[in-house]
Structures are given as C-alpha cells and as structure tokens.
Amino acid sequence: MITMSYRISGGDFDTAGLATRGLKEHLARVGVGAAVMRRAMIASYEAEMNVVIHARTGTLWARLESGKLDLEVADEGPGIPDVDLALREGWSTASEKAREMGFGAGMGLPNIRRNSDLFDIETRVGRGTRIRSTILLAESEKDTAPADSACSRILAVSAEHCRRCLRCIFSCPTGALRVHATGPSVISALCIGCAACIGECTSGVYGIAEQGAFQPPAPGAVLVVPRGFLSGFPAGGPERVLAALGSLGFAEIRVLEEWAAAVRAEARAAAVAGNVPIPLIPPVCPAVAALVESRFPSLIPNLGPWLSPIEAAGEEFPMRSVFLLAACPAQYATIHGASLTERLTVLNPARLSSAVRGALSAPAGADRLGLRAPRGEPERSPGELAVTGVRQVMRVLASAETGSLPGVTMLDLSLCDNGCSGSPLLSADPPLSALRWQQWTSGRTTAPISDAAAVCRGKPWSQRPGVRLDPDMGAAILALGRIDELARTLPGRDCGACGAPSCALFAEDVVVGRADSAGCPFTEENR
Amino acid sequence: MKLSELALKINATLFPAAGERCPTVKGIHAADTMSSLIANASSDTLLVTSLNNNQLIRVAELMDAPGLCLVGGVQPSQELIARAREAGAAIMVSPWGLEETRRLLAACLVGKKQGRA
C-alpha cells in the first residue's frame, strides 16, 4: 500500500490545486491508468477546492492499494448543516469571491460522488467535514468514463413498488434491466434513458429522479416543451394549459418540435448534397443516438453532426432564462452533459404538470404566449424512412447495420411512439393527446412559422463506454467464449425467471460476475 | 484539427504552449464554472470560458487539456501566459463572446458552417 498526504490552506486561491497536482505526479509515477487518473483528478480537485473555499485548513490523503484508490479529505471548517441539500446540484454557500472565480456552482460534491465508486461524507457543524472517495482500479481501468451513465442516475427506481411481473426487462432495448429477489436494478453503463421501462411498468417503479420543487421563473423566461405536454391534460386543452403556464410566470412558450423540424431539414439538405454517410440518422431523439452509440456502433458515422433538438433549443436564447421540459431521462442526460449555465433549467414533467394542474383555472389569454408552428415538413422523399417505437427502431437499425436498407437515404427515428409527444412521462394516453392538439390547431389561425435553427455539435459521436466485455480484445474474446459455452447449457426459454431478459444475457451476467449460475431454476443442477 | 488552424478560422490570437507541439483538438467544452470545465475536460478538448484566472491553468494541467480559449477579446496577464506555457497548455483569445465562440468552433470542427436550417 502507498499512502500520500498533502496539506491544504483554506482561502488561498493562489496555491489551490497544488495538492491535487502533487497527487497526480505520484499516481503517474506508480503507473495509474488514464481512466482512474481522470476520475481521481476531478474528485481530488473538487474536494481540495471545498477546503480552500470553506475551511481554515485541511489535509488530503491518498491510499493506493491493490484494486482501489482511496481519497480522503478532512478539513477544519464550518461543517455542513444539511448534507442532502449540499449534495444537490446547484446548491452552494460559496463566497462572492469564489463565485467570481467560477467556483460555487454547486457541482463540487456531485462531481466527487459521480467520479467515485464509493462515496462517504461525515460532517459536524462547527468542527469540520471529512469526505471519502474510493475509485476501484479493476473496474475503472476497463473503461474511460465514470462507472455509471448519466441516464441511469436520472432514472429513479422505486423497488418497493415492484411486483416482479418482468415486463420491464423485456421492454429495455439495451438489456440494461434485471429483476432479482431484491427488486429491479439497472446496469448503468447500458441505460440509454429511453423511458421504455417507464411506459411499460404499471406499478410506478420507474420515473425521473426528483429534481426539486418547481420554482417560478425569472421575468422574461422562455419555456420549451414537447407539444404533447400542452395537449396532455384531460382537464383542459392547450389553450388553458398555455394560460396556466402564463400565470406561472413564463413569458414565452415554444414547442420542441420546432427544433426537431430544423434538425430534419438540415439532415435532408446534407443527404441530398451527398457528402454524408447514407442512411443519415439525424439525432432528433437523443435516446436513439445513445442506442446507436451502445448497440450499433458501426452506425456511429451515420449519426448527423448536430445537437439534439432540446440542446439546440437551449442555444436559441443566449440572453434569456430558458426552461426545458425533458420528456425522457435521455433528454435530461443530454442537457446535463452539455454546457449548463445558470440561465438553463431542466424541468421534471411530473413537477411542471402538478404546477399546471393547480393553475388550470387561470383565465385563458387572448394571445398564445409567442407559440410558433414548426416549419412545415416537405413531403418525404422516397429515400426517407420514419420509424417510431422501440421494437421497430431496433429492427430498422439492425437492418441498416447489415446494409439491408437499399434506397434509404435518411432514417428519422424516435424511440417513443410518435416522437417526444408520445413520451409516457407526458401523457397517460398519447393518441388522445395528439387528437386534442389536432383539434385545437385546426380551429385556430396559423401561428407564426418557426425560425428555429439546427446547431452543429462540438463533440463527435463515439462509442459509449462500459459496453464492451473487456477493453482488451483477447480477454473479451475469452469472456465471449465462456458466455457462449454457458449459454449452451441453459434451456433457451428466455423466460426471465433468473431476472435477466434472455438466457444469453444471464450467461453474460454470470461470466462478468453480476449473477450466480444458481439463478436459473431450469438447469439440471438447480432443479 | 490543429489548435493553430482553429485560431486562424475564428480570428483568435494564440499564445502557444512551450515547445514545438501544436496540439490537435477533437472537441470543445464551453462553460463559465470550474466544475463544468473540469468535469468535461480531456486531452483533446479545448476549454472555452469567460473566466480569466490562474485556476484555469490548474484545471488544464490536471486534466491534460491542450488549451484554454478566453473570450470577449480579454487579454490574459503575462503571468497567466507564463503559467500556461509551463503547464503545457496553449491560450487562445477569441474576439467573440462565449456562445458565439462556441458556435464558431463547433462549426469549424464539423467541417462546415453552421447556419439556419
């Protein structure tokens, strides 16, 4: 075991970060890999800055032993009165000086936790705080990113509601769900945040993790919602919902479909110009993009180089406060992964729905709060294929991967039935919601046509980490052989009794250590 | 794309890091908080920010970032430039604001101009 320790001086922004720099030099000397190094640097720097910003003095210890790196930062500071609050993204008590330097965004502790395999915080008001972060080397060396995906952190799982009906495990397009005796669990690296499990579960096990109560917006704020939200209230049509949103303080309401149409139009032009891989997949649905990155990596070059509609909407109003209603965990993850600034807020549909229901009695306004109609979609060319719904999208991507979609130039895909407005988080009955929207718009004067723009991506698409069996090709091949061997001894019923959606995935779980071979009740030895 | 090419394309001034190396950039991350910058930094990501202080160099150094892009034509102090050189990070100064710089750099990296759809 190697132990290193560094002193940290509170309030000294000039030397701040030197302890972490010292740690980096030591870790590099003992040969710590890039993935662990990255996580260690983020966790250590954030913990060190906590001491500099809030405490008089502190110490950073790092212990490296076989299989793990333990970081511990103890300070003599004011302590934290409410740890849950301090762990919430955006909560901070940093001084004005620290904020001016770019600290105090309330992301320090969440960043440490996100980059730790084990995280613990111990605090006493008036005495100080001790933060412990453990990074498992064996796990981390296998990949280049934190062990969990942003989507899985946003997906809330209430295990106590589970009736073990197993519908969720069969609905998940990436095989990320398991239901064992202890309840459902998510293999975080595989979750793409598509909301299929939320739509499938009738017991309310799955949802969006709490993001705090709805706070009234600042004056002049813009709200961007899928139009299905405006027509998703049986107690009131879009007119009443718009009035309710106006009474809640929003100055302008825009529909997400404006930016979806802009991305499609851009993709259409690129496909016609012929300088992109065919079939081109515009990233209209961020869950589809994540699905391609995890299950269909050979199609990554086919993903169009634009931001998803919700990201583009966030870019549209640089000088205003913007509220984005996320229709699925993937949209949440997309926004949280982007350059979040103070002017952007992501809303939980359940929270906003609850606020709207309480305000539906507001008098209907004569105007439409700036609502615009998405630009008209030109008639699809014979080369465009539009597909929605998990099963159909999986099928068409499999065909694209094998090159069996001759003549198709563009794939317009969405994992929710009928696009974002069909999200199970927006309405219990999407077809009725669509009808309400159609009835409302057909009886109205035409809204101004949107000038929403597609926005180019800064980062290229890439294969999602954590999906491969092993980063080492030889080790992965060996694991694959063992999975194949084990799968041949299983009954092939794909019944789900073991908690996995198929015998092949159960075999994989056993080989990678996620399950015990005794989990299958139908093998000879377990009968 | 080479950092020097990017600087040229957006009309930015470049203060290169020590040595002959001109790093290649594959992505950018724009933010005005340190937590966001460090959480998204990598060895091929250019960090774009409206901040201007020595802690930026520390973040670039810890995360092996190839460079920092300051915005709004803000001139970095000699001390900042010197520290960046020591840390092996280039400094770029964009005449544009944060959002505009991000858009322009993103458009350069995907090889086409961004425009209205």
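Side notes on the structure shown:
- Of all residues in region A:170-205, those being over 17 Å from the mean Cα position of the chain (by Cα) and part of a loop (DSSP other than H, G, I, E, B) number 7.
- For the residues A:Ala330, A:Ala313, the requirement of being at pLDDT 85 or above, within 14 Å of another protein chain (Cβ to nearest Cβ) and crowded, with 19+ Cβ neighbours inside 10 Å singles out A:Ala313.
- Test result for A:Ser404, surrounded by fewer than 17 Cβ atoms within 10 Å (Cβ to Cβ) and among the hydroxyl-bearing types (Ser, Thr, Tyr): yes
- Every pair of residues 6+ apart whose Cβ atoms lie under 9 Å, when the first sits in region A:6-35 and is at negative phi and more than 10 Å from chain B (Cβ to nearest Cβ) while the second is polar (S, T, N, Q) and part of a helix (DSSP H, G or I): A:Tyr6/A:Thr20; A:Ala19/A:Ser44; A:Gly33/A:Ser140; A:Ala35/A:Ser140
- Members of region A:243-293 that are aromatic (Phe, Trp, Tyr) and either under 23 Å from the mean Cα position of the chain (by Cα) or outside the structural domain of A:Arg391 (by TED's automatic domain parsing) (or both): A:Trp259
- Filtered residues of region A:213-242 (kept if under 22 Å from the mean Cα position of the chain (by Cα) and assigned to a helix (DSSP H, G or I)): A:Arg227, A:Gly228, A:Phe229
- A:Gly106 meets each of the listed conditions (1) under 28 Å from B:Leu47 (Cβ atoms); (2) more than 14 Å from chain B (Cβ to nearest Cβ) apart from (2).
- Any hit, region B:96-109, residues being touching a Gly at 6+ places or on another chain (Cβ under 8 Å) and farther than 23 Å from A:Cys456 by Cβ: no
- Single residue of A:Ala386, A:Ala350 found to be over 23 Å from A:Asp451 (Cβ atoms), modelled with pLDDT under 90 and outside any loop (DSSP other than H, G, I, E, B): A:Ala350
- Sole residue being within 11 Å of chain B (Cβ to nearest Cβ), without any contact (Cβ under 8 Å) to a residue 60 or more places away in the chain and within 26 Å of A:Ala386 (Cα to Cα), chosen from A:Ala273, A:Ala260, A:Ala267: A:Ala273
- Within region B:84-102, tally of residues that are among the charged types (D, E, K, R), modelled with pLDDT of 90 or more and over 12 Å from the mean Cα position of the chain (by Cα): 2
- Residue match in region A:316-325 (condition: in contact with a Phe, Trp or Tyr (Cβ under 9 Å, 6 or more places away or on another chain) and at pLDDT below 90): yes
- Filtering region B:3-49 to residues that are more than 9 Å from chain A (Cβ to nearest Cβ), buried (at least 18 other Cβ atoms within 10 Å of the Cβ) and not in a strand (DSSP E or B) leaves B:Leu3, B:Leu6, B:Ala7, B:Ile10, B:Ala12, B:Pro16, B:Ala17, B:Pro23, B:Val25.
- A:Gly481 vs. criteria more than 21 Å from A:Arg167 (Cα to Cα), under 29 Å from the mean Cα position of the chain (by Cα) and without any contact (Cβ under 8 Å) to a residue 12 or more places away in the chain: no
- Region A:190-249, residues that are of a type outside the set (A, V, I, L, M, F, W, C), surrounded by fewer than 19 Cβ atoms within 10 Å (Cβ to Cβ) and over 22 Å from A:Ser158 (Cα atoms): A:Gln215, A:Pro216, A:Pro219, A:Gly220, A:Pro234, A:Gly237, A:Glu239, A:Ser247, A:Gly249
- Within region A:485-502, the set of residues being within 26 Å of the chain's Cα centre (by Cα) and not aliphatic (A, V, I, L, M) comprises A:Gly499, A:Pro501, A:Ser502.
- As a summary of the residue check, A:Asp143 satisfies the conditions (1) under 24 Å from B:Leu47 (Cβ atoms); (2) buried (at least 17 other Cβ atoms within 10 Å of the Cβ); (3) modelled with pLDDT of 90 or more except for the one numbered (3).
- Residues (surrounded by 22 or more Cβ atoms within 10 Å (Cβ to Cβ), more than 7 Å from chain A (Cβ to nearest Cβ) and either part of a loop (DSSP other than H, G, I, E, B) or of a type in the set (Lys, Arg) (or both)) located in region B:50-71: B:Ala65, B:Pro66, B:Val71
The values are calculated or read from the model by the stated rules, or taken from the named source; none is laboratory data. The shown structure was predicted, so the numbers you read here are calculated from the model rather than taken from an experiment. Neighbour counts run over all protein chains shown; Cβ positions are idealised from the backbone, glycine included.
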